[in-house]
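Each reported figure results from applying straightforward, stated rules to the coordinates on display, with no laboratory input. On a predicted model such as this, the values are computed, not experimentally measured, just so you know. Cβ: placed from backbone, ideal geometry, glycine included. Neighbour counts: every protein chain shown.
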Amino acid sequence: MEIIIQPTQQAATEVAARTIARLLCGKPNAVLGLATGSTPLLLYQTLIAMKLDWSHVTTFNLDEYIGLPRDHAQSYHSFMWNNLFKHVNIGKENVHIPDGNAQDIPGFCREYEEQISAAGGIDLQVLGIGTDGHIGFNEPSSSLASRTRIKTLTRQTCMDNARFFGSEESVPRHVITMGIGTIMEARQNLLLAFGQNKACAIAQAVEGPITSINPASILQMHPVVKVILDELAAGNLTRSDYYRWVYKSKPDWQSV
Ligand code: F6R
């Protein structure tokens with residue numbers, strides 16, 4: 001794991017944006033895995049401002065609420081089109097977001113996995129982290145080998161996401177999410193976290209034991225992971241001096 005601590009969310013986001021821009025320049029038909037929520041908002045704004053060529057890019061989103069109309073303001077379809085896709089030259093046919101209104105959800109989930117494989121797998125997966133350690137919507141106790149499927153959100157996640165829906169009761173309880181096994185097959189993972197409310201989950205994910213109780217901790221087993229943090233999210237790490245030292249000591253050819 002490469003732990004990159006930056007003074008602000010903006011500086012951290014720029015590292016993530018440069019990593020993605022470098023990938024798209026070297027591989028214009030890259031397959032990106034994308035996340036929603038507050039964390040990647042600035043990243044998407046930064047990528048839009050970079051005016052990259054998205055015409056050959058394929059995307060797969062991590063998750064979607066079940067039963068929320070696709071055009072609901074808080075659906076992840078709306079989020080992705082409003083905050084990224086409508087501002088870049090991506091082909092509609094290259095965008096994949098789980099369908100939370102599919103008639104046959106298990107069948108849809110199997111197909112989603114097949115579509116990821118048919119696209120050649122995910123080159124780079126963007127991840128946020130829940131305050132309970134979830135990645136995608138793989139909540140604590142999710143199988144570390146899980147594939148795309150239905151999950152039930154924890155009470156904690158419903159409370160965290162109440163800010164988007166006005167009340168905890170209005171947050172859909174069920175979601176479709178890529179599995180942890182699916183995420184672990186991405187060739188590279190970028191985990192972003194900002195703010196003090198992520199500091200505990202990040203410390204457990206990075207420095208704690210690998211456990212399904214903090215699903216993000218499985219990333220310790222992934223060969224290519226950048227964990228990009230602002231100072232607040234890094235606040236509970238015990239080895240932050242070392243992580244800063246490593247980043248500062250990077251040779252030019254390795255730097256982002
Ligand atoms: C969203 C997702 C979630 C969020 C996490 C953090 O697609 O997969 O894991 O990344 O819930 O959400 P924010 O960024 O709103 O704090």
Most fluctuating of 163, 70, 244 in the GNM of the chain (C-alpha, under 10 Å) is 163
Rounded to whole Hz and in sequence order, give me ³J(HN,Hα) for region 185-196 from the Karplus expression 6.51 cos²θ - 1.76 cosθ + 1.60, θ = phi - 60°, writing x for Gly and Pro.
-> 8, 4, 6, 9, 10, 10, 9, 10, 8, 9, x, 5
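Name the trypsin sites (Lys or Arg not before Pro) in region 3-68 that are in a loop by DSSP and that have at most 13 other C-beta atoms within 10 Å, would you?
Details: sites: 18, 22, 51; in loops: 51.
Answer in residue order: 51.
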In whole Hz, the Karplus estimates of ³J(HN,Hα) for region 34-43 (6.51, -1.76, 1.60; θ = phi - 60°; x where Gly or Pro) are 10, 10, 10, x, 5, 4, x, 4, 5, 4
Near the amide H of residue 101, under 5 Å away, which other amide H atoms are found, from residues 5 or more places off or on another chain, if H is placed in the peptide plane?
-> 67
Please turn the phi angles of region 238-247 into ³J(HN,Hα) values with the Karplus equation 6.51 cos²θ - 1.76 cosθ + 1.60 (θ = phi - 60°), one per residue in order, whole Hz, x for glycine and proline.
-> 8, 10, 5, 4, 5, 4, 5, 4, 4, 5
How big is Rg to Rh over region 81-135, alpha-carbon atoms, Rh as the Kirkwood inverse-mean-distance radius?
-> 1.00
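Enumerate lysine pairs in the chain that are 8 or more residues apart or on different chains, then count those whose Cα atoms are under 18 Å apart. Walk me through the intermediate numbers first.
Numbers: 27/51; 51/86; 51/92; 198/226; 226/248; 226/250.
Close lysine pairs under the 18 Å cut-off: 6.
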Just subtract the alpha-carbon distance of residue 210 and residue 252 from 0.36 nm times their residue separation and send over the number in nm, one decimal.
-> 11.9 nm
Semi-axes (Å, rounded, descending) of the ellipsoid equivalent to the chain per its C-alpha gyration tensor are 26, 22, 17
One finds, for residue 152 and residue 8 with R0 = 25 angstrom and r their Cβ-Cβ distance, a FRET efficiency to the nearest 0.05 of 0.10
Interchain or sequence-distant (5+) residues whose placed amide H lies within less than 5 Å of the amide H of residue 3 are 227
Mean residue ellipticity at 222 nm from the helices of the chain, using -39,500 (n - 2.57) per DSSP H segment of n ≥ 4 over the full residue count, to the nearest 500 deg cm²/dmol?
-> -9500 deg cm²/dmol
What is the antiparallel percent of DSSP beta bridges lying wholly in the chain, to the nearest 5?
-> 30 percent
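Is the shape of region 135-182 rounded, prolate or oblate, going by the alpha carbon gyration tensor and its root eigenvalues a ≥ b ≥ c, with a/c under 1.5 for rounded and a/b larger than b/c for prolate? Please report the intermediate quantities before stating the final value.
Values: a/c = 2.90, a/b = 2.38, b/c = 1.22.
Prolate is the answer for region 135-182, as a/c is 1.5 or above and a/b outweighs b/c.
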Relative contact order for the chain: what is it in percent, counting Cα pairs under 8 Å that are at least 6 residues apart?
-> 25 percent
Under 18 Å from the 7 Å Cα→Cβ point of residue 45, by amide nitrogen: which residues of region 52-91?
-> 52, 79-88
Whose amide H sits under 5 Å from the amide H of residue 96, counting only residues 5 or more places off or on another chain, with H placed in the peptide plane?
-> 59, 60, 61
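If I take every Cα pair under 8 Å that is 6 or more residues apart in region 1-76, average their sequence separation and divide by the length, what percent do I get for the relative contact order? Before the final figure, lay out each step's value.
Values: 58 pairs, mean separation 23.8, N = 76.
Reported relative contact order: 31 percent.
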